[in-house]
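S.K.: Take a look at the following structure, please.
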Amino acid sequence: MPDRTLQISPSILSADFANLERELARIGSADWAHVDVMDNHFVPNLTLGLPVVEALARVSPVPLDCHLMIEDPDRWAPGYAEAGARSVTFHVEAVADAVATARAIRSAGARAAIALRPGTAFEPYEELLDEVDMVLVMTVEPGFGGQSFMDDQMPKVRAVREAVRRRGGEIWVQVDGGVSADTIGRCVEAGADVFVAGSAVYGAADAAGQIARLRGLAGRHQHRVPPPRG
C-alpha cells in the first residue's frame, strides 16, 4: 500500500489577528492555512467571517482550509468557497442537509468536508463519504485553541480510515486539536493524513522550521502504520 501524502495545515486561530497577512507569510511552507470560523452560537467563541476570509484568500501564499463551527452551514458554507476558500468543512451536528451542502461547496469550486465533535460517532455518517473529500475528527472540543489532545479520539480516526479504505476514493482524514510534535505520530498511526496545528506552529519562533519538523515526524511514523485488516 503506497504512503499517503501527509499535509500540515497551521491554524491561524493561534496567530496575531492584528497582522494576519504577515502571519500567513510565516506559514508559506505549509500545505494549507486552517481558518476557524466561529459564530458564538454553535461554539462559545466568535472569530471571523466571510469578508475576512475573502481578504485572506487574496494574500495567502497557501490555500485556505475553512472550518465552519457555525449554525446553518447549509446557508453559509457555499459562500466560503465563493470567497476563495479551497476547502470548506461543516459540522454534521449543525447541518440540515449534508449532501446538498457538500454538493453546493463542490459546485462553488472547493473541496467539501464534514467535521465530527469528540462526542459524535462516525458510523451514522459513513454514507456521506460518497459526497465529501475529507473527514475532520476533532481531537479537542471545538471553540478554543490551546486545548489538550484527546487520545480517546484515535479509534474514531481508525474507523474513518478503515471506512475510506473499504469504499475506495481519495478521501483525506484530518485531525484538529492539540496536534504537536508529541501527538502527531499517534495521529498518523491511527490513519490521519492532514494535521491542523495551531499553537504548535505559531507558538514557535521559527514557524517554517516547526512545520518542517512536524512533517518529518509524521513521515517517520507513517512507516509504523499497520497493514489494513482483511
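The values are calculated or read from the model by the stated rules, or taken from the named source; none is laboratory data. Computed from a predicted structure; not experimentally measured. Here the Cβ positions follow ideal geometry from the backbone for every residue, glycine too, while neighbour counts run over all protein chains shown.
S.K.: When you go through V59, V43, V37 one by one, which is the residue that is surrounded by 13 or more Cβ atoms within 10 Å (Cβ to Cβ) and either over 18 Å from the mean Cα position of the chain (by Cα) or free of Cβ contacts under 8 Å to residues at least 60 places away in the same chain (or both)?
M.R.: The match here is V37.
S.K.: I need the helices (runs of 4 or more DSSP H) fully contained in segment 79-194, keeping only those with at least 1 residues that are farther than 20 Å from C66 by Cα and touching a Phe, Trp or Tyr at 6+ places or on another chain (Cβ under 8 Å).
M.R.: In segment 79-194, the matching helices (runs of 4 or more DSSP H) lie at 154-167, 184-190.
S.K.: Can you name the condition, by its number, that D36 falls short on among (1) in a strand (DSSP E or B); (2) of a type in the set (D, E, K, R); (3) out of contact with any Ser or Thr (no Cβ under 8 Å at 6 or more places or on another chain)?
M.R.: (3)
S.K.: Restricting to segment 10-24, give me the number of residues that are surrounded by 15 or more Cβ atoms within 10 Å (Cβ to Cβ), of a type in the set (G, A, S) and in a helix (DSSP H, G or I).
M.R.: Matching residues across segment 10-24 total 1.
S.K.: How about segment 84-96: which of its residues are in contact with a helix residue (DSSP H, G or I) (Cβ under 8 Å, 6 or more places away or on another chain), over 20 Å from V43 (Cα atoms) and surrounded by fewer than 22 Cβ atoms within 10 Å (Cβ to Cβ)?
M.R.: Result: G84, single match.
S.K.: A further question follows. So if I check each of A77, A108, which one is surrounded by fewer than 18 Cβ atoms within 10 Å (Cβ to Cβ), farther than 21 Å from R165 by Cβ and not β-branched (V, I, T)?
M.R.: After ruling out the rest, the residue left standing is A108.
S.K.: Within segment 162-171, is there a residue that is in contact with an Asp or Glu (Cβ under 7 Å, 6 or more places away or on another chain) and of a type in the set (G, A, S)?
M.R.: Yes, segment 162-171 has at least one match.
S.K.: So, one more: On the given criteria, is A192 of a type outside the set (S, T, Y), free of Cβ contacts under 8 Å to residues at least 60 places away in the same chain and in contact with a Lys or Arg (Cβ under 9 Å, 6 or more places away or on another chain)?
M.R.: So A192 fits the description; yes.
S.K.: If you scan segment 120-167, which residues turn out to be touching a strand residue (DSSP E or B) at 6+ places or on another chain (Cβ under 8 Å), over 21 Å from A102 (Cβ atoms) and either touching a residue at least 60 places away in the same chain (Cβ under 8 Å) or among the charged types (D, E, K, R) (or both)?
M.R.: G143, G145
S.K.: In segment 62-74, how many residues are surrounded by fewer than 20 Cβ atoms within 10 Å (Cβ to Cβ) and either in contact (Cβ under 8 Å) with a residue 40 or more places away in the chain or in a loop (DSSP other than H, G, I, E, B) (or both)?
M.R.: 4
S.K.: Inspect all residues belonging to segment 120-135 and state whether any of them is hydroxyl-bearing (S, T, Y) and surrounded by fewer than 17 Cβ atoms within 10 Å (Cβ to Cβ).
M.R.: Looking through segment 120-135, at least one residue is hydroxyl-bearing (S, T, Y) and surrounded by fewer than 17 Cβ atoms within 10 Å (Cβ to Cβ).
S.K.: Would you confirm whether any residue within segment 145-153 is among the aromatic types (F, W, Y), under 17 Å from L13 (Cα atoms) and modelled with pLDDT of 95 or more?
M.R.: no
S.K.: Further, regarding this structure: Looking at segment 178-209 only, could you name the residues that are touching a helix residue (DSSP H, G or I) at 6+ places or on another chain (Cβ under 8 Å), closer than 18 Å to I27 by Cβ and surrounded by fewer than 24 Cβ atoms within 10 Å (Cβ to Cβ)?
M.R.: Hits for segment 178-209 are S180, A181, S199, Y202, G203, A204, A207, A208.
S.K.: Would you mind stating whether L116 is closer than 23 Å to Q222 by Cα and under 14 Å from the mean Cα position of the chain (by Cα)?
M.R.: no
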